[in-house]
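Read the structure below first, then the notes.
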Amino acid sequence: MKTTSDFLVIGSGIAGLSYALKVADEGSVAIVTKRDISETATNLAQGGIAAVFSDEDSFDDHIRDTMVAGAQLPNEEIVRMVVEGGPQAIHDLIDWGVQFSRKEDNSYDLTREGGHSHRRILHAKDVTGREIERALVAAVRQHPNITLYENHIAIDLITEAKLAHRRILPNKCLGAYILDIDKKEVITFGARITILATGGAGKVYLYTCNPDVATGDGVAMAYRAGATVANMEFMQFHPTTLFHPLAKSFLISEAVRGEGAILKRRDGTAFMERYHELKDLAPRDIVARAIDNEMKIHGDDCVFLDITHKGSDYITERFPNIYETCLSYGIDMTRQPIPVVPAAHYLCGGIRVDQWGESDVQNLFAIGESSCTGLHGANRLASNSLLEGVVYGNLAAQRSLERLPSQTNSFPAIESWDCGTATNSDEEVVVAHNWDEIRRCMWNYVGIVRSSKRLVRALRRVQMIQEEITDYYWDFLITSDLIELRNIATVAELIIRCALEREESRGLHYTIDFPETDDIHWKRDTLLQKQF
Ligand code: SIN
């Protein structure tokens, strides 16, 4: 089966949906998403969206905080562009129907998070992402030019080089092969412009607060198609996810620390002052490493986050979702500290794009967490990601609309997907086993504190699994589990290769073999591009 549209958007979080809304008046839009439309990392975002919205704040301060958190690796021009685009991005969201929390005087309630020198985070209580996703989904569903394909997962991009079975420069994207999961049918989606907004890759690690969909699909597909990827070593570990055997890494928002919560050892001693002058509000990489260190030194399974001093009325009003969720696991955060551990949270690297969100494969854009724009550098400042999603959704839309007239209306003949001699797999246990092995290996060898020896060991393991996947991939009928397994294996390999390349410690990449920051050799991005 074949279908075509002007714009093919893969992913349905804040970046993909805001892009779709910006272009939909000018052409047909297909949004492809591999589960339900709202099963996205955006939907789980608790803290909020950073933007300069108060007279006491300034663009320069937001830029400085982003550069400091990013360990001076962010591209300052990009940081300025995104930060200055913040107020407009907020107004766009409000126009689409997002309702942010307000104070009694009706002004927006601005909260604080780690690394921010001012209160500048707009939020909707502690379910900001859910409110944004709700509003954007409603707007998208109403637009007559937008067709939504839920339960459809992208397999691979279609490029001129792929169709010609040879290297073509510059390579051009023509759409994607998409599996209709329910019908088990591969559809050829032709598109004049293709947008990857597939989110992050937390599922590459054993412990993550990301949703199940975060398998790095966009990064893996773009890499296979020949696009450059950058800075994959910078996986952000959120310092505080709920430690409970049944909680599946539920996030305890940084806004809880922003509003005064204190990290403590089991014996009640606060410890962050030993690690940073900003104490509990230090940048995330520092807090996550401090917790990791405390757990190792004291042989504890977790540390504790204490906000009991703020009183139960305040806590239940400001953090209703976190309060209820903790309570459902038997933890009353108004009376007792919350047990927490770090978990994989945000991929700062990704598909390298220019200031319009365009990759080095023509007509292929990447926005949101799947992209590497230069905003985050070596560590993302909290709540800059939702901001980046809207700003780049808009920029990519502008550039796509400029590109559209020059793209032919008639699509080239695109070969249908070839299932080869595949038969139904009766060995799904192999897929499940390989998933588990990759995630454990990444957690144990490519986590918060790294060494060259462990990275080399991890690379060997992952490459062996990749060989197995390749055999399996061409021998059996394709399933979404197999597609995701292939993608997490690719992303794991890219993370390890970038981590091995960077012979210094900076931001989220800390290695005991090169513990210092080396500005002379390494104040630059790590880049990988597939050689054909
Ligand atoms: C949080 O609420 O702590 C997450 C915010 C973010 O990652 O930007």
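The values are calculated or read from the model by the stated rules, or taken from the named source; none is laboratory data. What you see is a predicted model; the values in this text were computed from it and never measured. Because the Cβ atoms are built from the backbone with ideal geometry, glycine has one as well, and the counts that use them run over all protein chains shown. For the accessible areas, the whole protein counts, side chains as well, though only heavy atoms, and no ligand, DNA or RNA atoms are used. Shrake-Rupley method; radii C 1.70, N 1.55, O 1.52, S 1.80 Å.
Within this structure, VAL353 passes the test of being open to solvent by 10 Å² or more (accessible area, probe 1.4 Å), touching a strand residue (DSSP E or B) at 6+ places or on another chain (Cβ under 7 Å), over 30 Å from ILE252 (Cβ atoms) and not polar (S, T, N, Q).
Scanning segment 138-149 for residues that are aliphatic (A, V, I, L, M) and either crowded, with 21+ Cβ neighbours inside 10 Å or without any contact (Cβ under 8 Å) to a residue 12 or more places away in the chain (or both) yields a total of 2.
Scanning segment 254-278 for residues that are small (Gly, Ala, Ser) and more than 15 Å from the ligand (Cβ to nearest atom), which turns out farthest from the chain's Cα centre (by Cα)? I'd like the intermediate steps shown before the answer.
From segment 254-278, those small (Gly, Ala, Ser) are 255, 258, 260-261, 268, 270; that's our starting set.
Among the residues that remain, those that are also more than 15 Å from the ligand (Cβ to nearest atom) are: 268, 270.
Values: GLY268: 34, ALA270: 31 Å.
This residue is GLY268.
Among the residues of segment 208-226, is any among the hydrophobic types (A, V, I, L, M, F, W, C), in a loop (DSSP other than H, G, I, E, B) and in contact with an Asp or Glu (Cβ under 7 Å, 6 or more places away or on another chain)? Scanning segment 208-226, I find at least one residue that is among the hydrophobic types (A, V, I, L, M, F, W, C), in a loop (DSSP other than H, G, I, E, B) and in contact with an Asp or Glu (Cβ under 7 Å, 6 or more places away or on another chain), so the answer is yes.
When each of ALA366, ALA343 is tested for being open to solvent by less than 10 Å² (accessible area, probe 1.4 Å), under 30 Å from THR194 (Cβ atoms) and touching a residue at least 24 places away in the same chain (Cβ under 8 Å), the lone residue that passes is ALA366. Evaluate segment 51-72: report whether one residue or more is at pLDDT 95 or above and closer than 30 Å to VAL186 by Cα. There is no residue in segment 51-72 that is at pLDDT 95 or above and closer than 30 Å to VAL186 by Cα. Does LEU251 satisfy being open to solvent by 10 Å² or more (accessible area, probe 1.4 Å), under 20 Å from ASP212 (Cβ atoms), within 15 Å of the ligand (Cβ to nearest atom) and modelled with pLDDT of 95 or more? Answer is yes for this residue. In summary, THR40 fulfils each of the numbered conditions (1) more than 16 Å from the ligand (Cβ to nearest atom); (2) surrounded by 24 or more Cβ atoms within 10 Å (Cβ to Cβ); (3) among the polar types (S, T, N, Q) with the single exception of condition (1).
Please work out if LEU179 is of a type in the set (A, V, I, L, M, F, W, C) and either assigned to a strand (DSSP E or B) or over 24 Å from GLU26 (Cβ atoms) (or both).
Yes; evaluated as a whole, the condition is true for this residue.
Being touching a residue at least 40 places away in the same chain (Cβ under 8 Å), within 27 Å of the chain's Cα centre (by Cα) and farther than 30 Å from VAL82 by Cβ is a property that CYS326 has.
Residues checked against (1) surrounded by 20 or more Cβ atoms within 10 Å (Cβ to Cβ); (2) of a type in the set (Gly, Ala, Ser); (3) closer than 16 Å to ALA230 by Cα:
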{"position": "TYR445", "(1), (2), (3)": "yes, no, no"}
{"position": "LEU459", "(1), (2), (3)": "yes, no, no"}
{"position": "VAL462", "(1), (2), (3)": "yes, no, no"}
{"position": "ASP471", "(1), (2), (3)": "no, no, no"}
{"position": "PHE476", "(1), (2), (3)": "yes, no, no"}
{"position": "CYS498", "(1), (2), (3)": "yes, no, yes"}
{"position": "ARG506", "(1), (2), (3)": "yes, no, yes"}
{"position": "HIS521", "(1), (2), (3)": "no, no, no"}
{"position": "LEU527", "(1), (2), (3)": "no, no, yes"}
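Would you point out the residue of segment 43-61, among those that are more than 14 Å from the ligand (Cβ to nearest atom) and part of a helix (DSSP H, G or I), that is most open to solvent (accessible area, probe 1.4 Å)? That would be ASP60. Does PRO320 satisfy the condition of being at pLDDT below 95, over 14 Å from ALA261 (Cα atoms), within 26 Å of the chain's Cα centre (by Cα) and not basic (Lys, Arg)? Answer is no for this residue.
In a residue-by-residue description of segment 119-133, the property of being away from the ligand (no atom under 16 Å from the Cβ), touching a helix residue (DSSP H, G or I) at 6+ places or on another chain (Cβ under 9 Å) and open to solvent by less than 10 Å² (accessible area, probe 1.4 Å) applies to no position. If ASN210 meets every condition in (1) crowded, with 24+ Cβ neighbours inside 10 Å; (2) more than 30 Å from ALA422 (Cα to Cα); (3) away from the ligand (no atom under 16 Å from the Cβ); (4) not small (Gly, Ala, Ser) apart from one, which number is that one? Result: ASN210 fails condition (3) only. The number of residues in segment 228-248 being of a type in the set (A, V, I, L, M) and within 16 Å of the ligand (Cβ to nearest atom) comes to 3. Taking (1) in a helix (DSSP H, G or I); (2) open to solvent by 20 Å² or more (accessible area, probe 1.4 Å); (3) in contact with a strand residue (DSSP E or B) (Cβ under 9 Å, 6 or more places away or on another chain); (4) hydrophobic (A, V, I, L, M, F, W, C) in turn, VAL83 satisfies each apart from (2). Would you mind stating whether LEU93 is in a helix (DSSP H, G or I), of a type in the set (A, V, I, L, M, F, W, C) and under 26 Å from GLU259 (Cβ atoms)? When the stated conditions are applied, LEU93 passes them. Out of ILE187, ILE193, I need the residue that is surrounded by fewer than 24 Cβ atoms within 10 Å (Cβ to Cβ) and either part of a strand (DSSP E or B) or under 11 Å from the mean Cα position of the chain (by Cα) (or both). Which one? The unique qualifying residue is ILE187.
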